[in-house]
1. Looking only at the stretch 34-61, count how many residues are in contact (Cβ under 8 Å) with a residue 24 or more places away in the chain and either buried (at least 18 other Cβ atoms within 10 Å of the Cβ) or not in a loop (DSSP other than H, G, I, E, B) (or both).
2. Looking for whichever is touching a strand residue (DSSP E or B) at 6+ places or on another chain (Cβ under 6 Å), modelled with pLDDT of 95 or more and under 24 Å from residue 62 (Cα atoms) here; the options are 111, 125. Which one fits?
3. Take the stretch 65-74 and flag every residue that is crowded, with 16+ Cβ neighbours inside 10 Å, without any contact (Cβ under 8 Å) to a residue 60 or more places away in the chain and either under 23 Å from residue 178 (Cα atoms) or in contact with a helix residue (DSSP H, G or I) (Cβ under 7 Å, 6 or more places away or on another chain) (or both).
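The values are calculated or read from the model by the stated rules, or taken from the named source; none is laboratory data. In this text, all values refer to a predicted model and were calculated from it rather than measured experimentally. Cβ coordinates were reconstructed from backbone atoms using ideal geometry, including for glycine residues, and neighbour counts include every protein chain displayed.
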């Protein structure tokens, strides 16, 4: 894992463990929670910041094998493994709570939400942070002003993929099928969660990002 990647995750850990940092955003873990999963966990920084009691099994998955290895070495109290949010390596109804901080915008959201719903127990909760549509304008404008045609084309794809979320469908970037990304309006996020069977859906805004909470 490169130093820049380590620095990013450690900075996120520092933010999450500093109570007066305005960027700090953590969910409330239900009192009955026995197992919790962080999808897109990085090195496990959000799970560490939650300061969970030893009675709770804390699991995390990420597609970055280097991040997982680093987290396994530094935080042995966590159970971390490499996997994708679209194919969770867990049985049905296994977790009481699922977190997905920032990572969901880089997944096929309809597919991932079906997996989230599958691994949660009835009455289990999900908490996720998303990228609001306002980011689309900023990212596309920066690509155009920088004169980067490649980045501008990619950002245009992200905008199209974001619109498609409203009808419950997304697709990988045609020029690199390992990449997928989108922005999520509050209405699109709500529809996506509803289509996957979630109820009690709430959408809020914190530090420029949308936060969604829902119940299985």
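1. Summing the residues that are in contact (Cβ under 8 Å) with a residue 24 or more places away in the chain and either buried (at least 18 other Cβ atoms within 10 Å of the Cβ) or not in a loop (DSSP other than H, G, I, E, B) (or both) in the stretch 34-61 gives 18.
2. 125
3. 68
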